[in-house]
Amino acid sequence: MVRHPGAIGSRPGKLKLAVWKFASCDGCQLSLLDCEDELLQLADNIDIAYFMEASSHAEPGPYDLSLVEGSITTSADAERIREVRKQSRVMVAIGACATAGGIQALRNFSDVEEFISAVYAHPEYIATLKTSTPASAHVTVDFELQGCPINKRQLLEVISAFLHRRAPQVPAHSVCIECKLRGNVCVWVAHGTPCMGPVTQAGCGAICPSYHRGCYGCYGPKENSNTTSLCHWWEQELGVEKVTVVENLRNFNAAAPVFDAASREWESRDEQE
């Protein structure tokens, strides 16, 4: 999703890049570090001013481009993301945590206080919000790059796009297209394997179906995802139990609006029956 394409680059000289971490596993930041040679090529145009995963050196803002990894899970996070937004001309949320709350958004469907009391010996020392939410729930985000973790080639495209003041060209089609491009036999059609591919955005290269496993939805919902049809076919044609349908929708992108609404609908059907 692009809100303000072309907003970067309002000052002469090198552009200042900042990378911020919130509640996450650091996998998306590691995807950036994995770019290696490509980052060296960008060095003529970009000054990595703040990136604690890579260096303890930190330059003060404002920043031309901020990459945000991680979900907002504490009141301190909520305050900090607002400060980051104030310092950033362009903000890009990267990864499932920053765009959809991440796997930690499973708390959104249960009682977080119960979790805390079960896990921690002294729950009174734990300060957290009842929900895990994406950055966009708190501030304006200029672009969201989905994935768990993100595709480093897509990340480079996003950085390049904002450098050149154009909209990022990130594929919006489903994982099913990637399967076709790789010549994969459909695991759903051929083996009756439940697969999230039809409603999941491309980006992973169809890794799981390439090894005869169903897609887990790591890249979140594609545009116009028809989760109603997917759930119907899983239950009616594949004989998948409703609890399994809900579990698959509540994975890495559990709080993505499309998956969230679908999982709540199917869970309520269980309660009604």
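Can you find a residue in segment 213-223 that is in a helix (DSSP H, G or I) and surrounded by fewer than 23 Cβ atoms within 10 Å (Cβ to Cβ)? No; the residues of segment 213-223 include none that is in a helix (DSSP H, G or I) and surrounded by fewer than 23 Cβ atoms within 10 Å (Cβ to Cβ). Annotation note: Cβ proximity below 9 Å between a residue of segment 255-270 that is within 12 Å of VAL243 (Cα to Cα) and in contact (Cβ under 8 Å) with a residue 60 or more places away in the chain and a residue that is assigned to a loop (DSSP other than H, G, I, E, B) and not charged (D, E, K, R) (sequence gap 6+ or interchain) occurs for SER263/ALA254. HIS164 meets each of the listed conditions (1) touching a residue at least 12 places away in the same chain (Cβ under 8 Å); (2) closer than 29 Å to GLU36 by Cβ apart from (1). Among the conditions (1) closer than 26 Å to ALA127 by Cα; (2) without any contact (Cβ under 8 Å) to a residue 40 or more places away in the chain, the only one that TYR50 does not satisfy is (1). Being out of contact with any Asp or Glu (no Cβ under 8 Å at 6 or more places or on another chain), over 30 Å from LEU106 (Cα atoms) and in a strand (DSSP E or B) is the filter here, so list the residues in segment 24-64 that pass it. ILE46, ILE48, ALA58, TYR63, ASP64, listed by residue number.
Looking only at residues in segment 155-173 that are over 19 Å from ILE48 (Cβ atoms) and in contact with a Leu (Cβ under 9 Å, 6 or more places away or on another chain), the one that is surrounded by the most Cβ atoms within 10 Å (Cβ to Cβ) is VAL170.
Of all the criteria given as (1) on the phi > 0 side of the Ramachandran plot; (2) not in a loop (DSSP other than H, G, I, E, B), the one not satisfied by TRP266 is (1).
One residue stands out in segment 151-197 among those that are of a type in the set (D, E, K, R) and in a loop (DSSP other than H, G, I, E, B): the one that is nearest to ILE46 (Cα to Cα), namely ARG165. Of all residue pairs spaced 6 or more apart or on separate chains, those with beta-carbon atoms under 6 Å, a first member in segment 96-115 that is modelled with pLDDT of 90 or more and a second member that is surrounded by fewer than 18 Cβ atoms within 10 Å (Cβ to Cβ) are ASN108/THR131; VAL112/LYS130.
Taking the condition assigned to a helix (DSSP H, G or I) and within 22 Å of SER225 (Cα to Cα), does CYS204 pass?
Working: assigned to a helix (DSSP H, G or I): no; within 22 Å of SER225 (Cα to Cα): yes.
No; evaluated as a whole, the condition is false for this residue.
Of the residues making up segment 136-150, none is at pLDDT below 95 and among the hydroxyl-bearing types (Ser, Thr, Tyr).
The values are calculated or read from the model by the stated rules, or taken from the named source; none is laboratory data. Remember, it's a predicted structure, so these values are computed and weren't measured experimentally. Please note: Cβ atoms are built from the backbone with ideal geometry, for glycine as well, and neighbour counts cover all protein chains shown.
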